[in-house]
Amino acid sequence: MARDDIEWVREDAEGERIEIKAHQIRERWDFYWRPGRSYGWEKLSEPLLEDWLEVLDGVERRVQRRQYPLDEPAKVRRLIRQRFPRAELDEG
């Protein structure tokens with residue numbers, strides 16, 4: 001089953017609007033960013049907790065539409081806990 005990238009918009013540290021996308025390859029998630037549509041995507045080496053939470057939200061919504069397996073949100077939560085041990089996550 002083909003999966004689309006999960007994309008959203010947020011502000012960077014300087015308050016500028018940037019686009020972010022996450023692309024899943026097996027168990028790994030790669031993050032990319034760009035300042036606008038006219039620019040190419042660059043790899044985001046250290047995604048923020050906020051970015052991971054956007055991925056979790058996107059995965060949970062896609063599970064409801066049967067685009068991801070039911071256990072995928074738990075896998076994303078596990079990855080978030082590994083990277084951000086102090087983050088408080090709802091168990092959805």
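Relative to 2.2 N^0.38 Å, what does the C-alpha radius of gyration of the stretch 6-83 come to as a ratio? Two decimals please.
Numbers: Rg = 12.9 Å, N = 78, 2.2 N^0.38 = 11.5 Å.
For the stretch 6-83, the normalised Cα radius of gyration comes out at 1.12.
For the chain, build the charge dipole from Cβ charges (+1 Lys, Arg; -1 Asp, Glu) around the Cα centre, then report which of 59, 25, 49 sits farthest towards its positive end.
Going by the charge dipole, the pick is 25.
Quick one: dipole size for the chain, taken about the Cα centre, charges +1 on Lys/Arg Cβ and -1 on Asp/Glu Cβ, in debye to the nearest 20. Walk me through the numbers before you get to the answer.
Details: 19 positive and 22 negative charges, 96 e Å.
Roughly 460 debye, rounded to the nearest 20.
Of all chymotrypsin sites (Phe, Trp or Tyr not before Pro) in the chain, which ones are in loop regions per DSSP and have a Cβ with at most 11 other Cβ atoms within 10 Å?
Values: sites: 8, 29, 31, 32, 33, 39, 41, 52; in loops: 39, 41.
Passing sites in the chain are 39.
What is the fewest-to-most order of 9, 76 by other Cβ atoms lying within 10 Å of their Cβ?
Details: 9 10, 76 23.
By the 10 Å Cβ count, ascending: 9, 76.
Enter the angle in degrees (range 0 to 90, nearest 10) between the Cα long axis of helix 72-83 and the first principal axis of the Cα atoms of the chain, meaning the one along which they spread out most.
Long axis of 72-83 versus the principal axis of the chain: about 60 degrees.
Using helices alone, what [θ] at 222 nm do you get for the chain, with -39,500 (n - 2.57) per DSSP H run of 4 or more residues, divided over all residues and rounded to the nearest 500?
-10000 deg cm²/dmol
May I ask you to sort 14, 54 by Cβ crowding, counting other Cβ atoms within 10 Å and putting the fewest first? Can you show the working numbers first?
Numbers: 14 6, 54 21.
If I rank by nearby Cβ atoms, fewest first, I get 14, 54.
FYI, it's all coordinate maths here, none of it is from the lab. If you're wondering where the values come from, they're calculated on a predicted model, not measured in any experiment. Ideal geometry is used to build each Cβ from the backbone, glycine not excepted, and the neighbour counts take in all protein chains shown.
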